[in-house]
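A quick write-up on the structure given underneath.
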Amino acid sequence: MRIEGVIFKKGEVPKTLFKIVSGTVRETRNNTYHDLTKGEYVALLEYLLGLPLEDDIIALEETELVETDIENDYENIIRNIVALRKIIYQTSVDFENLVLDDFNFETENIDEYLNQVESLLTLSGGELPEEKEKAIELIESLEDDKLFTKVNLVKKFVERFPEEQIGAKFLIETAAKVYIVLNDRYVAKALLKKVLLYYPHLLDYCYEAVKTLESIYKEEGNIIYRRYGKMAKVLEVMLRGNA
């Protein structure tokens, strides 16, 4: 279709994914605009994560768009996600400023609640060694009672050593622990999505992350689970092709 002006309105959650054939589209996040051109996707971040738009998305000139989906355009979409990594990071979970509302406490037992709070307050205390091997050793040594510290250190490891494949393993394992031990879907989903952002070339880890995201969203009753189900099917086909 051809359009000039508003494509999606502020507060809307995009239900359709459009790819730009020609023209220029302007997106605004955190009061900063970002212009998209041929081959890029409109509101890709909000479409994938089910987020409401912070502002109108506008075609600055007559723009031709074509409707697409994850199944048909998976590899190109992943490349665009990688290109948008900085923007996605700015709108994802802020691990440096965690608050109590970010966590689900299953019991009102005051002693247990205070133990959880104490763990939360020590989140920033963990420091990651500069040497890769020592960093890996430290992360692997942490027990379940240090989960908040582990979340923090795994985040730092992925940012400091983005080329190390073990980072994907750490993200998935830590997400599983956070989900099972703390019943915290919020942080678990954030960690799993980082696998897709940092390691799109590691199809086996991406598949595991996507399947887990599908399961979590389905348990929540969130229809977004269908989207991750489609991604899982695509990845499964790609993995079979690489076997």
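The values are calculated or read from the model by the stated rules, or taken from the named source; none is laboratory data. All of these numbers come straight from a predicted model, not from anything done at the bench. Note that each Cβ is placed from the backbone with ideal geometry, even for glycine, and that neighbours are counted across all protein chains shown. Heavy atoms of the whole protein, side chains included, go into the accessibility calculation; ligands, DNA and RNA do not. Shrake-Rupley method; radii C 1.70, N 1.55, O 1.52, S 1.80 Å.
Details
- Residue within the range 110-120 that is hydrophobic (A, V, I, L, M, F, W, C), over 18 Å from the mean Cα position of the chain (by Cα), within 24 Å of Val210 (Cα to Cα) and at pLDDT below 85 present: no
- Close pairs from the range 167-183: first more than 17 Å from Glu219 (Cβ to Cβ), partner among the polar types (S, T, N, Q), Cβ under 8 Å, at least 6 apart: Ile172/Thr212
- Test result for Gly229, more than 12 Å from the chain's Cα centre (by Cα), surrounded by fewer than 14 Cβ atoms within 10 Å (Cβ to Cβ) and in the same structural domain as Ile180 (by the TED database): no
- Yes/no for Leu138 being over 19 Å from Leu48 (Cα atoms), open to solvent by 30 Å² or more (accessible area, probe 1.4 Å) and assigned to a helix (DSSP H, G or I): yes
- Residues of the range 193-211 satisfying the condition of being closer than 14 Å to Ala176 by Cα and either of a type outside the set (A, V, I, L, M, F, W, C) or not assigned by the TED database to the domain that holds Glu173 (or both): Lys193, Lys194, Tyr205, Glu208, Lys211
- Among the residues of the range 162-220, those that are within 22 Å of Leu138 (Cβ to Cβ), under 14 Å from the mean Cα position of the chain (by Cα) and small (Gly, Ala, Ser) comprise Ala168, Ala175, Ala188, Ala190.
- First in the range 1-13 and hydrophobic (A, V, I, L, M, F, W, C), second anywhere and open to solvent by 70 Å² or more (accessible area, probe 1.4 Å) and assigned to a loop (DSSP other than H, G, I, E, B), Cβ under 9 Å, 6 or more apart: Val13/Pro52
- Filtered residues of the range 144-177 (kept if touching a Phe, Trp or Tyr at 6+ places or on another chain (Cβ under 9 Å) and closer than 15 Å to Glu208 by Cβ): Gln165, Ile166, Gly167, Ala168, Lys169, Phe170, Leu171, Ile172
- Of all residues making up the range 27-39, the number that are open to solvent by less than 50 Å² (accessible area, probe 1.4 Å) and in contact with a strand residue (DSSP E or B) (Cβ under 9 Å, 6 or more places away or on another chain): 4
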